[in-house]
1. Please sort 385-391, 127-133 by packing, taking for each peptide the average over its residues of neighbouring beta carbons within 10 angstrom, highest first.
2. Considering the zone a paramagnetic label at Leu347 would reach in this model (a point 7 Å from Cα along the Cα-to-Cβ line), which residues of the range 299-320 have amide N under 12 Å from it?
3. Rounded to whole Hz and in sequence order, give me ³J(HN,Hα) for the range 205-216 from the Karplus expression 6.51 cos²θ - 1.76 cosθ + 1.60, θ = phi - 60°, writing x for Gly and Pro.
4. Could you tally the net charge around Leu312, taking each other residue with its Cβ under 15 Å from the Cβ of Leu312, Lys/Arg +1 and Asp/Glu -1?
5. Take the solvent-accessible surface of the protein heavy atoms, probe 1.4 Å, and return the percent of it on the range 272-355 that carbon and sulfur atoms account for.
6. Can you sort Phe397, Phe151 by 1.4 Å-probe accessible area, starting with the largest?
7. Within the range 290-320, list the residues whose amide N lies under 15 Å from a label point set 7 Å along Cα→Cβ of Glu270.
8. Lys and Arg at +1, Asp and Glu at -1: add these up for the other residues within a Cβ distance under 11 Å of Asp191 and post the number.
Amino acid sequence: MNKHRLLSIFLASAFVGPAYAQTMSVSAAELDSLKAQISALQAKLAEIEEQAEANTTSVAVNAKTLAEQKPVSVAPEKAKSEDGITVGGAIRTNFNYTSYSEGNKDRGGDFDFDIFRLNLRGEIGDVSLNGEIRFFDYMTAIKYAYVGYQFSENWEVNAGITKVPFGNSPYNSQNYFFSTNYYLGLEDDFDLGVVFKRSVANNWQLDLGFFKNDELGGVDGYVDNRSDRYSYDIVGARTAGEGIYDEPGQALAEYNTFSGRFAYHFKQGELTTEVGVSALSGGIHDGESRAGDYQALALHANSQYQRWHLQLQHSEYRYDIDQLEQIAIGAYSFYDTIAAEATSTTLNVAYDLAVNFGAVTGLQFYNNYGVVYDKSDDTANTVMNVTGVSVAAGGLFTYFDWVHAKNQPFVGGSGAGDSGDYEQRFNINIGYYF
């Protein structure tokens, strides 16, 4: 017996039963009328069921179409990611054509191996690990190696070879060569210490760090070459008679450095801006006793409007060491010289462009300008302007840079140079990141 038959019996009982109980008889005309009403109700019910089935089928088809266009996982999300360490890295090569090397120009430029690097990142038991080691033809250097722990909702602590909080973050530049501040030890600098980091909350963030010494163990670090490092640091005093590229006769190193960075974030329409102040202060040691101290201060701003980026930074530093006017610094297995005191200003503009050209998915055009002036040794200003574009294509990331500079390391000059001539370098750095 189907549902329509049951409905007929129910309706017949509802309409016929009471009347029959009262009169015990019914006319043929009345029965025909009741049957007609029942048939009409059955037809209406069938129509409603067909519409319901059609709507259900339509919803199912639409849901399947949406699922095919954008698959959705129905697996429950894990409350916490599994412990483990991820290994990544990069292989980079470099082409350069320069104005300051006749041999390079005669060869039409040089194409060299740049670096092979390995990165470790992950977490085991709520303690995170971050590390990067770089292998060059001429040296091996650890950029950073630290552990971290999130001990509250907004605060974490990092300990090891970790980044000194100072200036625009994460970089004060967009190009391959960084800014002039990098060669003063004031951009992307890593030392041995501990940093407490407050994430952005209520529009402000704060980083506080204490660094026992530089990443190579300070003035008594057990290393063969104190210039075999990624970050620029003081390595000695530059005394009379020494060349600006010589290994210093008097070793010096920073120690017991305190660093702080405060930044405030605000947004107005499509404009987002971070403004901040940074400062650091520490001692200088000669291996036997304290030889002096050093300080640095910076005011910085980092804005983005739609695809446009703007960075500004004004920095000042001073090494107060027995009336020295020049100090020796080292990085990339290379010694150089800078004034013991100077001021720097940087201005960077960049524009992002998303594209769909084969494997190429993104371009960033930029112009980065920096100048170091008011030097205590009365040498000429250091100036560097980098115009270029970076290209993202899958695992490949490539910088195309045109550098116009004077008295600039790696562009035919020195931080303590006294030349009025500008040099040029066209540079292509190709990296595969995995």
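1. 385-391, 127-133
2. Under cut-off, by backbone N: 311-313.
3. Going residue by residue, I get 9, 8, 10, 10, x, 10, 10, 5, 6, 6, 5, 9 Hz, with x marking Gly and Pro.
4. -3
5. 54
6. Phe151, Phe397
7. 304-310
8. Cβ neighbours under 11 Å give a net charge of -2.
The values are calculated or read from the model by the stated rules, or taken from the named source; none is laboratory data. Given the structure is predicted, the values throughout are model-derived calculations rather than measurements. Positions of Cβ are backbone-derived with ideal geometry, glycine not excepted, and every protein chain shown enters the neighbour counts. The protein model used for the area step is the full one, side chains on, heavy atoms only, and it has no ligands, DNA or RNA in it. Shrake-Rupley method; radii C 1.70, N 1.55, O 1.52, S 1.80 Å.
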